[in-house]
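Below is one structure. I have some questions about it.
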Amino acid sequence: MKKIILFGDSLFNGYHAGRDTNVITAGVQKELGANVQIINLSLSGATTAEGKKRLNLIPQDADIVVLEYGTNDMSSDWGISSIDYAKNLNYMVENIGSAKMIIAGPSYEDPNNKYIMQYYNLEDMKVYNQIAADCARKYNIPFINLIANFCPLKNLSSYYQEDGQHLTTIGNQILINLVVTAIKEKLAQI
């Protein structure tokens, strides 16, 4: 049985109505079936700074680690600098091991939502996403480009909860599909 770790923030926790849910964990598990074990070690509100401190939670025998950080890092209110984000991503890759990793870039915040956009801007989204993509390329790690997948959607706000950041049921299904596709491709290589 393959052991797959989801390691990120509230996006992987399926945050809904003020609490974490198992919607992402259960959705990925359902799509991949009984031959894999999905373990979600995500922490809502976390940046890569917190992620670095939690690396010891990842089991040594994990077959795949899907790393999803960056959304909180790029917040103008509680985030960290792009330089620190890049350093932290590289540190995590070097400590987890690139051969077993998939990197998901930061999520795309709903640009139509005035509330969430007081903490985010489109330029920073591009910068932080590029940092994640560059890190993945540097270590030859598969990259899930969440911004590229959500940005062109019609009726974009329907994929987000009222806060403009966390996903609705249909938004979560897109996330699940992207993660499952990347995991299946990675499983075919190991």
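Does Asp73 count as surrounded by fewer than 16 Cβ atoms within 10 Å (Cβ to Cβ) and either among the small types (Gly, Ala, Ser) or at pLDDT 95 or above (or both)? I'd like the intermediate steps shown before the answer.
Values: surrounded by fewer than 16 Cβ atoms within 10 Å (Cβ to Cβ): no; either among the small types (Gly, Ala, Ser) or at pLDDT 95 or above (or both): yes.
No: the conditions fail for Asp73.
Same structure again: If a residue counts only when it is over 16 Å from the mean Cα position of the chain (by Cα) and at positive phi, which helices (runs of 4 or more DSSP H) contained entirely in region 87-190 have at least 1 such residues? Full working, then the answer.
Working: elements: 114-117, 122-138, 146-150, 169-187.
Because the criterion is at least 1 residues that are over 16 Å from the mean Cα position of the chain (by Cα) and at positive phi, no helices (runs of 4 or more DSSP H) in region 87-190 meet it.
Among the residues that make up region 96-106, is at least one of them touching a Pro at 6+ places or on another chain (Cβ under 7 Å), buried (at least 16 other Cβ atoms within 10 Å of the Cβ) and not charged (D, E, K, R)? Lay out the reasoning, then the answer.
First, the residues of region 96-106 that are touching a Pro at 6+ places or on another chain (Cβ under 7 Å): 102.
With the extra rule that they be buried (at least 16 other Cβ atoms within 10 Å of the Cβ), the set shrinks to 102.
Going one step further and asking which of them are not charged (D, E, K, R), we end up with 102.
Looking through region 96-106, at least one residue is touching a Pro at 6+ places or on another chain (Cβ under 7 Å), buried (at least 16 other Cβ atoms within 10 Å of the Cβ) and not charged (D, E, K, R).
Further question: Is at least one residue of region 78-92 closer than 24 Å to Gly171 by Cβ and modelled with pLDDT under 95?
So far as region 78-92 goes, yes, one or more of its residues are closer than 24 Å to Gly171 by Cβ and modelled with pLDDT under 95.
The values are calculated or read from the model by the stated rules, or taken from the named source; none is laboratory data. Just so it is clear, the structure is predicted and the values come from calculations on it, not from any experiment. Reconstructed Cβ throughout: ideal geometry from the backbone, glycine too, with neighbour counts over all protein chains shown.
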